[in-house]
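Computed from the coordinates by the stated procedures, all read-outs in this text should not be read as laboratory data. Predicted, not measured: the structure shown is a model, and the values here were computed from it. Positions of Cβ are generated from backbone atoms using ideal geometry, with glycine treated the same way; all protein chains shown enter the neighbour counts.
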Amino acid sequence: MNAALISVCVAVLGLSAGAQEIRLGDAPVAHRAHVELLSNAAEVKAGEPQTVVLRFRVEDGFHINSHTPKDELLIPTAIRFNTGSVVKIVDEVYPKGSAFRLPVGAGETVDVYQGEFRVNVQVVVPKGASTLVGVLKYQACDNAVCYPPKSLPVVMTVTGD
Amino acid sequence: MVMQKQQDVQLTQTSSAADPNADPAAKLLLGKTAPSFTLVDLNGKKVSLADYKGHAVVLNFWATYCGPCKLEMPWFQDLQNKYKGQGLVVLGLDEDDGMAVKEVATASKRVGVTYPILMPDDAVAKNYQLSDYIPETFYVDKSGKIVEQTIGAHSKDELEADVQKAIASGGL
């Protein structure tokens, strides 16, 4: 485990949480993230397309829209990678969502991610350590309420052998 | 294709699911006079809460990305139609951040509501002590007092009971 990288990730997440704070009356209240990144490093073959798996976990009791929500008004989950990196992004494959029935009214069904989900990112990296950097955009709800759209920093060390 | 060796890390602690009813901000305004506001509707027309003095008013905070909100809104429209003769007014207050008025109008049309949709400002969110989640609804009686405050989607029967409470209260 790369302790330095974990420190960077924690720092990035910490900074993000600070940036997302809102004011409720006179007291600052931090947004809850509801999603965490479980992967922080990978080793792949350098110089050719390789798949890096980004593992995320949605907090228990919550769901986020899948990458392809059935309602165009809903905000899809998607990663926006930083451009200009030595890590070349070839493709991104998002998992299918699962049906979640809202527990009110006739029970409208939405397409969501719950628990752990994985995004397969096809990359080409040079030899040595590179950093894959991006932001996961998502919008979370629980059974009864929804939270504003949020961004989760995605930072992963990819080492090309 | 060769899969890489992966290293995983847990960056944050697990926390329990939200319980809107347990939120300390819930129902802080119950029994108090509804904070005044003047906002613009989707047509750019100014709308003040004071315009509806003597009416029961439902203030429903919603957003286009909120599924539970869009379930409730047609019910509010039905209740607006049903209780219009008894002076009920429903106002939808959009909580999208930075969304164009045109997009909000398209969304509200798709949901099927014709009651006024207002574009709030930060002052309204502060004065109503909104949490960071929606929907949140305030039921204001004819005297301007908040007689019910709810967070999250509720059944149509529950909405109607709260509407009836607002209509029955505060008569002059």
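By counting other Cβ atoms within 10 Å of each Cβ, how are B:K102, A:K150, B:K53 ranked from fewest to most? Don't jump to the answer; show the numbers that get you there.
Details: B:K102 9, A:K150 21, B:K53 12.
Least crowded to most crowded, the residues run B:K102, B:K53, A:K150.
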Next on the checklist: Counting only other residues whose beta carbon sits under 9 Å from that of B:W75, what net charge do I get with K and R as +1, D and E as -1?
Outcome noted: -2
Checklist entry - What ranking of A:D161, B:D122 emerges when the number of other C-beta atoms within 10 Å of each C-beta is taken as an exposure proxy, fewest first? => result B:D122, A:D161
Next on the checklist: Spelling out what I want: for every residue of the range A:59-65, take phi, set θ = phi - 60°, compute 6.51 cos²θ - 1.76 cosθ + 1.60 (Karplus), and round to whole Hz; glycine and proline get x.
Outcome noted: 4, 3, x, 10, 9, 10, 4
Checklist outcome for this item: The pairs in B:K53/B:K156; B:K70/B:K156; A:K150/B:K27; A:K150/B:K156 lying past 21 Å Cα-Cα in this model are B:K53/B:K156; A:K150/B:K27; A:K150/B:K156
Checklist entry - Among residues other than A:D111 whose Cβ falls under 14 Å from its Cβ, what is the net charge (Lys/Arg +1, Asp/Glu -1)? => result 0
Item to check | aspartates and glutamates whose Cα lies under 20 Å from that of B:K145, excluding same-chain neighbours fewer than 8 positions away | outcome: B:D51, B:E136, B:E158, B:E160, B:D162
Checklist entry - What is the local net charge at B:T137, summed over the other residues whose Cβ is closer than 9 Å to its Cβ (Lys, Arg +1; Asp, Glu -1)? => result -4
Checklist entry - When the Karplus curve 6.51 cos²θ - 1.76 cosθ + 1.60 is applied with θ = phi - 60°, which whole-Hz ³J(HN,Hα) does each residue of the range A:138-151 get, with x for Gly and Pro? => result 7, 9, 9, 9, 10, 5, 10, 10, 10, 10, x, x, 9, 10
Checklist entry - Exposure proxy check: B:S48, A:S66 ranked by fewest other beta carbons within 10 Å? => result B:S48, A:S66
Checklist entry - Can you list residues whose amide H is under 5 Å from A:V158's amide H, if they're 5+ apart or on another chain and H is modeled 1.01 Å from N? => result A:A42, A:S130, A:T131, A:L132
